[in-house]
1. Could you run the Karplus curve 6.51 cos²θ - 1.76 cosθ + 1.60 with θ = phi - 60° over the range 10-22 and give me ³J(HN,Hα) per residue in whole Hz, x for Gly and Pro?
2. Exposed loop sites here are chymotrypsin sites (Phe, Trp or Tyr not before Pro) in DSSP loop states with at most 12 other C-beta atoms within 10 Å. What is the longest stretch of the chain lacking them?
3. Restricting to DSSP H runs of at least four residues, report the calculated mean residue ellipticity at 222 nm for the chain, -39500 (n - 2.57) per run over all residues, nearest 500 deg cm²/dmol.
4. Could you work out what % of the accessible surface of the chain is carbon and sulfur, using a 1.4 angstrom probe and leaving DNA, RNA and ligands out of the count?
5. Among N33, N115, N83, whose mean-square fluctuation peaks in a Gaussian network model of the chain (Cα, cutoff 10 Å)?
6. What size of dipole, in debye to the nearest 20, comes out for the range 13-58 about its Cα centre when the only charges are +1 on Lys and Arg C-beta atoms and -1 on Asp and Glu C-beta atoms?
7. Any idea which of T20, I57, H128 is furthest toward the positive side of the dipole for the chain, if Lys and Arg beta-carbons carry +1 and Asp and Glu beta-carbons -1?
8. Give the residue from W119, A36, H87 lying farthest towards the positive end of the charge dipole for the range 25-135; charges sit on Cβ (+1 for Lys and Arg, -1 for Asp and Glu) and the dipole is referred to the Cα centre.
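The values are calculated or read from the model by the stated rules, or taken from the named source; none is laboratory data. Just so you know, these numbers come straight off a predicted model, no measurement behind them. With ideal geometry, Cβ positions are generated from the backbone for all residues, glycine too; neighbour counts draw on all protein chains shown. Accessible surface is based on the protein model in full, side chains and every heavy atom, while ligands, DNA and RNA are left aside. Shrake-Rupley method; radii C 1.70, N 1.55, O 1.52, S 1.80 Å.
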Amino acid sequence: RNPYYWAIDTEGNQLPYIDTVILTLAADLELLNLRAIAGEYDWQARHLNMATVPELIANQEKGDYTLYLDTQEVGSDVALKFNMDFHLDEEVGSWLANTDFRHAVSMGIDRDQLNDVFWLGLGVPGSHAPSETNL
């Protein structure tokens with residue numbers, strides 16, 4: 001355990017309760033996703049393909065695991081950000097720095113469609129602003 005980690009539980013025990021971490025390499029991402037569906041991981045947060053989410057959900061009981069969709073507390077897991085210091089093309093830079101232009105681009109994005117197509121309808125469409133839990 002990390003003796004410098006600041007958190008303890010209500011009984012005064014050092015957190016987290018992890019003494020050993022074993023990493024298992026996969027030859028490719030397809031194998032990693034198949035192993036996840038089979039329940040071979042205790043914890044996996046990266047490189048899972050969104051296309052496998054329905055299979056992961058369907059196989060939770062069989063694989064003896066629980067799928068958690070961990071949302072970020074920054075307001076957006078995916079965001080379109082403009083380089084407001086863009087100077088390679090003066091006209092393009094002036095558009096990117098223009099608030100009305102950025103608002104128009106934001107209004108032109110069909111967040112519900114993106115959610116359905118890329119995140120299987122599991123996302124919460126919104127803007128890039130801190131979530132209410134961060135207030």
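1. 5, 8, x, 7, 4, 9, x, 7, 10, 9, 9, 10, 10
2. Looking at the chain, 69-135 is the longest stretch - no exposed chymotrypsin sites (Phe, Trp or Tyr not before Pro) with at most 12 other Cβ atoms within 10 Å.
3. One gets -8000 deg cm²/dmol as the mean residue ellipticity at 222 nm.
4. Details: 6310 of 11440 Å².
Roughly 55 percent of what the probe reaches on the chain is carbon or sulfur.
5. Between N33, N115, N83, it is N83 that shows the largest mean-square fluctuation.
6. On the way: 2 positive and 6 negative charges, 20 e Å.
About 100 debye.
7. T20
8. Towards the positive end, the residue furthest out is A36.
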